[in-house]
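Here, each number is a calculation from the coordinates, and none is a lab measurement. Bear in mind that the values here come from a model prediction, so they are computed numbers and not experimental data. As a convention, Cβ positions derive from the backbone with ideal geometry for all residues, glycine included, and neighbour counts pool all protein chains shown.
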Amino acid sequence: MKERIIWIGSFMILSLLLFACGDNDEVENPPQNATDEDQQQGTENDTNTDYGFTEFDLDADYQDTNDALDVDYEHENNDKIEASYRDKAQEINLTGDAALEELDSIFSSFTFDENTPDEEILNTVTEAFNVPKDAKNIELDILFNGGMEKEYRR
């Protein structure tokens, strides 16, 4: 009987730990670059963000390192934001609020939209994230505010 109680107790503690560590990419305190009035006027269907896109996914492999750079950002319709920023070369491994805090200055500098030439977007993004010129594989997926999703490859 004691063994069963210990097992149940261990299971409950493990369950709580897994639940607490769940989705650590979720942003709790987004940057305050939108005014309160802008936030109040938003509707459930309004997915506009200050960055010009609602999803941003960048992956790059470097000469000696696969998955050297991985940037993920998603701003859902319900204002839930998830962000992660991992760069092995610069020893960056951030999730949630810390990731968005770092990404905010980069994303805010972007002036492109879905009509910008592909090569210009790739050049802007790779420069902003210090991707080496000899990177083996660069994959970028962006869902723009207007709903257009585009894929960029190099």
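Annotation: extensible slack from residue 88 through residue 153 equals 21.4 nm (criterion: 0.36 nm per residue apart, minus Cα-Cα distance).
Spin-label pair residue 76-residue 109: with each label point 7 Å from Cα along the Cα-Cβ axis, the two points sit 3.1 nm from one another. On the basis of the beta-carbon distance and an R0 of 22 Å, residue 137 and residue 24 show a calculated FRET efficiency of 0.25.
Ordering 87-97, 68-78, 113-123 by mean Cβ neighbour count within 10 Å, with the highest value first, yields 68-78, 87-97, 113-123.
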